[in-house]
Amino acid sequence: MVHVLVTLTPNPHASEAAENYKKRAVAIRDEYGAEVVLRMHTKERLLGSFEEESIRILKFPSVEHIRGWLTDPRYLEVLPFRDQAYRKVTITVLED
């Protein structure tokens with residue numbers, strides 16, 4: 001199993017784009033064996049500058065599954081919704 005950290009900074013003026021993105025992207029992601037391990041929202045910044053407001057840790061069967069999800073043609077079609085819905089998105093493979 002491989003863990004992935006996803007951080008998101010939403011665009012508060014694009015809630016419709018966010019809903020369109022989530023509805024389609026989550027279904028595609030889950031086809032690649034993704035499981036949500038943790039879903040949290042930033043409450044208070046105590047030190048530093050961390051702009052992201054939403055954090056997800058996902059678990060996938062392998063790095064190949066992650067790459068498959070991110071390069072799936074159906075996922076690539078929804079990227080314009082993601083780009084409207086979020087000012088910043090990071091997807092990082094984690095290591096023990």
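Remarks
- Residues of the range 28-61 that are out of contact with any Asp or Glu (no Cβ under 7 Å at 6 or more places or on another chain) and under 14 Å from Arg82 (Cβ atoms): Arg29, Ser54, Arg56.
- Neighbours by Cβ (under 9 Å, 6+ apart or cross-chain): first from the range 13-24, within 14 Å of Tyr75 (Cα to Cα) and among the charged types (D, E, K, R); second surrounded by fewer than 17 Cβ atoms within 10 Å (Cβ to Cβ) and modelled with pLDDT of 95 or more: Arg24/Arg74; Arg24/Glu77
- When Pro73, Pro12 are checked against the criterion of being at pLDDT 95 or above and farther than 17 Å from Val93 by Cα, a single residue qualifies: Pro73.
The values are calculated or read from the model by the stated rules, or taken from the named source; none is laboratory data. If you're wondering where the values come from, they're calculated on a predicted model, not measured in any experiment. Cβ: placed from backbone, ideal geometry, glycine included. Neighbour counts: every protein chain shown.
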